[in-house]
Amino acid sequence: MGDFTTEIGITTTRSEDGQCVMECPVTTLHMSTADRVHGGVFFTMLDTAMGRAVISKLPEGRGCATLEAKINYFRPVQAGLLRAEANVVTMTRRTAFVEATLTDEEERVICRASGTFMLTDTYTQAERERV
């Protein structure tokens, strides 16, 4: 059994130099009751890609946690391959601001997100350390 993103079919194809690309083939697991991909799948892909983009700029062993994120949805998806691309826009000693775009296999923009991430001293943190 893997982590959440692996279990729902998301794979990382690139994560380096403040950029991350993730892909996910749409399956019935991803569908909402309205017979289209659930918005939570889109958000999971974008949030994870943004976090991994940040981690790719940090020294080994350091991590990050999402402080806030915003997403705009533009069109539904019912089948195909989803692709999330995230780029670190700016990073300070304590935070990073990241933007990400999710496209379908025809390279149409499905949604966009931005987020602010807290940089942490360790990759994993206890509940109390994040507050």
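Using only alpha carbon pairs under 8 Å that are at least six residues apart, calculate the relative contact order of the stretch 4-130 and give it in whole percent.
This gives 27 percent for the stretch 4-130.
Any chance you could list the semi-axes, whole Å, largest first, of the equivalent ellipsoid that the Cα gyration tensor gives for the chain, using √(5λ)?
Values: eigenvalues 134, 46, 35 Å².
Result for the chain: semi-axes of 26, 15, 13 Å.
What number, rounded to the nearest 500 deg cm²/dmol, is the helix-based mean residue ellipticity at 222 nm of the chain, given -39500 (n - 2.57) per DSSP H run of at least four residues and division by all its residues?
So the calculated ellipticity at 222 nm is -5000 deg cm²/dmol.
For the pair THR11 and THR66, how long in nm is the line joining their label points, each one 7 Å along Cα→Cβ?
Here the answer is 2.3 nm between the modelled labels.
How far is helix 39-55 tilted off the main Cα axis of the chain, in degrees rounded to 10, range 0 to 90?
Helix 39-55 sits roughly 30 degrees off the main axis of the chain.
Read the figures in this text as sums done on the coordinates, not as results from a lab. All figures in this text were calculated on a predicted structure; none of them were measured in a lab. We place every Cβ from the backbone using ideal geometry, glycine too, and count neighbours over all the protein chains shown.
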